[in-house]
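Engineer: Provided herewith is a single structure, encoded as structure tokens, for subsequent inquiry.
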Amino acid sequence: MKFGVLQFPGSCDEVDAVEAARHVGDAELIWHRDRDLQGADAIIVPGGFSYGDYLRAGAIARFSEAMESVIEFAREGGPVLGICNGFQVLCEAGLLPGALLPNVNLRFTSRQVRLTVEQGETAFTRACTPGRELSIPAKHSWGRYHAAPDTLAAIEHGGQVVFRYAPGENFNGSLNDIAGVTNEAGNVMGLMPHPEHAVHELTGGSKDGLCIFRSMRLAVEGVAA
Amino acid sequence: MRARVLIRPKAGILDPQGVAVERALPALGFEGVENVHVGRLVELDVAEEGQLAPLCEKLLANPLVEDYEIEIVS
């Protein structure tokens, strides 16, 4: 099973994403100018920055050649995980509902956060324990999740809110404490905090991020929750 | 054709930049200033006016969270 990890000018978490994915399978980088997804079974759009994030975070990256292939891959049902800037890119690409806005505190904030697993059967959480809290790092200045009231009601009703900030952890001002959300089909997820940085106790404060990559592997292999 | 596109956060969406500017003003002696919103201005030359709305929708603004206004300058 192989993960493909996109690399944009400005990406800075792609190497950690490859390292994290290699705990559960193979992983290769895919340069943003490359339309060929190299036979990847799952795609990670990593965090950091992309194309200077001019206009809005992720606004320009979504038109890259690699993203055109990722959009097609996602529409065919392939699993796609967007982390941080990758979440912003997937929203801009229309693969996920809503948008990310500047943090309510207007500051770049880097800290460990506790997340609640709201849905335990998705392609991204079936190896996680529902209701359990994950401790993983968050670091961003554009992380405030926003969706129009009807969209928000639909994603809540449809079980698309997969991760929430635990009480007291929502520093960016996201609506309904939303940290991670899927598309309607459930094969695309955006997550603001960084599971790829939480795969070693020493450097990530926990290994809690691993269950997300394990889940993606199970989903690719057709193993249910 | 020269055009200006004004992009601003949609009404009702919290605009922390506007709030920060609004809060800074009384310290400088400007009292009674309210409802500050910060947006951005894009100036561009286009071949045809018809290009403007699609390029705003697709790239310059995110219609989910921003409104835009097009002004033809010359």
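Engineer: Based on this model, can you work out whether A:Val161 counts as among the β-branched types (Val, Ile, Thr), farther than 30 Å from B:Glu66 by Cβ and in contact with an Asp or Glu (Cβ under 6 Å, 6 or more places away or on another chain)?
Structural biologist: It is false that A:Val161 is among the β-branched types (Val, Ile, Thr), farther than 30 Å from B:Glu66 by Cβ and in contact with an Asp or Glu (Cβ under 6 Å, 6 or more places away or on another chain).
Engineer: Within the range A:187-206, track down each residue that is assigned to a helix (DSSP H, G or I) and not aliphatic (A, V, I, L, M).
Structural biologist: To start, the set of residues in the range A:187-206 that are assigned to a helix (DSSP H, G or I) comprises A:195-197, A:201-204.
Those that are assigned to a helix (DSSP H, G or I) and not aliphatic (A, V, I, L, M): A:Pro195, A:Glu196, A:His197, A:Glu201, A:Thr203, A:Gly204.
Engineer: Separate question: So, in the range A:83-132, exactly how many residues are assigned to a loop (DSSP other than H, G, I, E, B), of a type in the set (D, E, K, R) and under 17 Å from A:Ile178 (Cβ atoms)?
Structural biologist: Within the range A:83-132, the first condition is being assigned to a loop (DSSP other than H, G, I, E, B), and the residues that meet it are A:84, A:93-98, A:102-108, A:118-132.
Those left that are additionally of a type in the set (D, E, K, R): A:107, A:118, A:121, A:126, A:132.
With the extra rule that they be under 17 Å from A:Ile178 (Cβ atoms), the set shrinks to A:118.
Selection size over the range A:83-132: 1.
Results for (1) within 14 Å of another protein chain (Cβ to nearest Cβ); (2) under 21 Å from A:Cys12 (Cα atoms); (3) touching a helix residue (DSSP H, G or I) at 6+ places or on another chain (Cβ under 7 Å), shown as yes or no for each residue.
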{"residue": "A:Glu28", "(1), (2), (3)": "no, yes, no"}
{"residue": "A:Arg33", "(1), (2), (3)": "no, yes, yes"}
{"residue": "A:Asp41", "(1), (2), (3)": "no, no, yes"}
{"residue": "A:Phe49", "(1), (2), (3)": "no, yes, yes"}
{"residue": "A:Leu55", "(1), (2), (3)": "yes, yes, yes"}
{"residue": "A:Arg62", "(1), (2), (3)": "yes, yes, yes"}
{"residue": "A:Val70", "(1), (2), (3)": "no, yes, no"}
{"residue": "A:Ala74", "(1), (2), (3)": "no, no, no"}
{"residue": "A:Pro79", "(1), (2), (3)": "no, no, yes"}
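Engineer: Looking at the structure I just gave you, is A:Phe3 assigned to a strand (DSSP E or B) and either under 17 Å from A:Pro193 (Cα atoms) or not charged (D, E, K, R) (or both)? So that I can check it myself, show each step before the final result.
Structural biologist: On the way: assigned to a strand (DSSP E or B): yes; either under 17 Å from A:Pro193 (Cα atoms) or not charged (D, E, K, R) (or both): yes.
Criteria met by A:Phe3.
Engineer: Just to be sure before I move on: is A:Gly159 out of contact with any Gly (no Cβ under 7 Å at 6 or more places or on another chain), within 14 Å of chain B (Cβ to nearest Cβ) and at pLDDT 95 or above in the structure I sent? Outline the logic, then answer.
Structural biologist: Values: out of contact with any Gly (no Cβ under 7 Å at 6 or more places or on another chain): yes; within 14 Å of chain B (Cβ to nearest Cβ): no; at pLDDT 95 or above: yes.
Taking the combined requirement at face value, the residue does not satisfy it.
Engineer: Would you call A:Val188 surrounded by 24 or more Cβ atoms within 10 Å (Cβ to Cβ), of a type outside the set (Lys, Arg), touching a helix residue (DSSP H, G or I) at 6+ places or on another chain (Cβ under 9 Å) and within 14 Å of another protein chain (Cβ to nearest Cβ)?
Structural biologist: On the way: surrounded by 24 or more Cβ atoms within 10 Å (Cβ to Cβ): yes; of a type outside the set (Lys, Arg): yes; touching a helix residue (DSSP H, G or I) at 6+ places or on another chain (Cβ under 9 Å): yes; within 14 Å of another protein chain (Cβ to nearest Cβ): no.
Spelling it out, it is not the case that A:Val188 is surrounded by 24 or more Cβ atoms within 10 Å (Cβ to Cβ), of a type outside the set (Lys, Arg), touching a helix residue (DSSP H, G or I) at 6+ places or on another chain (Cβ under 9 Å) and within 14 Å of another protein chain (Cβ to nearest Cβ).
Engineer: Can you tell me which residues in the range A:42-56 are in a loop (DSSP other than H, G, I, E, B) and buried (at least 19 other Cβ atoms within 10 Å of the Cβ)?
Structural biologist: Here is the first cut: in the range A:42-56, the residues in a loop (DSSP other than H, G, I, E, B) are A:46-47, A:49-50, A:54-56.
A:Pro46, A:Gly47, A:Ser50, A:Arg56 - these are the residues of the range A:42-56 that are in a loop (DSSP other than H, G, I, E, B) and buried (at least 19 other Cβ atoms within 10 Å of the Cβ).
Engineer: Quick one: would you say B:Val5 is surrounded by 12 or more Cβ atoms within 10 Å (Cβ to Cβ), within 14 Å of another protein chain (Cβ to nearest Cβ), of a type in the set (A, V, I, L, M, F, W, C) and touching a residue at least 24 places away in the same chain (Cβ under 8 Å)? Give the steps one after another, and end with the answer.
Structural biologist: Numbers: surrounded by 12 or more Cβ atoms within 10 Å (Cβ to Cβ): yes; within 14 Å of another protein chain (Cβ to nearest Cβ): yes; of a type in the set (A, V, I, L, M, F, W, C): yes; touching a residue at least 24 places away in the same chain (Cβ under 8 Å): yes.
Taking the combined requirement at face value, the residue satisfies it.
Engineer: Collect the residues in the range A:18-40 that are assigned to a loop (DSSP other than H, G, I, E, B) and more than 16 Å from A:Met1 (Cβ to Cβ), keeping them in residue-number order. Lay out the reasoning, then the answer.
Structural biologist: Here is the first cut: in the range A:18-40, the residues assigned to a loop (DSSP other than H, G, I, E, B) are A:22-25, A:32-40.
A:His32, A:Arg33, A:Asp34, A:Arg35, A:Asp36 - these are the residues of the range A:18-40 that are assigned to a loop (DSSP other than H, G, I, E, B) and more than 16 Å from A:Met1 (Cβ to Cβ).
Engineer: Among the residues in the range B:25-39, are any out of contact with any Phe, Trp or Tyr (no Cβ under 6 Å at 6 or more places or on another chain), without any contact (Cβ under 8 Å) to a residue 60 or more places away in the chain and closer than 27 Å to A:Ser64 by Cα?
Structural biologist: Restricting attention to the range B:25-39, the residues satisfying the condition of being out of contact with any Phe, Trp or Tyr (no Cβ under 6 Å at 6 or more places or on another chain) are B:25-39.
Cutting the leftovers down to without any contact (Cβ under 8 Å) to a residue 60 or more places away in the chain gives us B:25-39.
Retained after the next criterion (residues that are closer than 27 Å to A:Ser64 by Cα): B:39.
Yes: the range B:25-39 contains one or more residues that are out of contact with any Phe, Trp or Tyr (no Cβ under 6 Å at 6 or more places or on another chain), without any contact (Cβ under 8 Å) to a residue 60 or more places away in the chain and closer than 27 Å to A:Ser64 by Cα.
Engineer: Now a separate question. Return only the number of the condition from (1) touching a helix residue (DSSP H, G or I) at 6+ places or on another chain (Cβ under 6 Å); (2) within 14 Å of chain B (Cβ to nearest Cβ); (3) at positive phi that A:Ala99 does not satisfy.
Structural biologist: (3)
Engineer: Here is a further query. Go through A:Ala27, A:Ala74, A:Ala59 for me and flag whichever is in contact (Cβ under 8 Å) with a residue 40 or more places away in the chain and crowded, with 19+ Cβ neighbours inside 10 Å.
Structural biologist: On the way: A:Ala27 fails: in contact (Cβ under 8 Å) with a residue 40 or more places away in the chain; A:Ala59 fails: in contact (Cβ under 8 Å) with a residue 40 or more places away in the chain.
On inspection, the qualifying residue turns out to be A:Ala74.
Engineer: Please go through the range B:11-45 and pick out each residue that is within 14 Å of chain A (Cβ to nearest Cβ) and among the small types (Gly, Ala, Ser).
Structural biologist: B:Ala11, B:Gly12, B:Gly18, B:Ala20, B:Ala24, B:Gly39
Engineer: Please enumerate the residues belonging to the range A:9-66 that are among the β-branched types (Val, Ile, Thr) and touching a Phe, Trp or Tyr at 6+ places or on another chain (Cβ under 7 Å).
Structural biologist: A:Val24, A:Ile43, A:Ile44, A:Ile60, listed by residue number.
The values are calculated or read from the model by the stated rules, or taken from the named source; none is laboratory data. Values in this document were obtained by computation on a predicted structure and should not be read as measured data. As a convention, Cβ positions derive from the backbone with ideal geometry for all residues, glycine included, and neighbour counts pool all protein chains shown.
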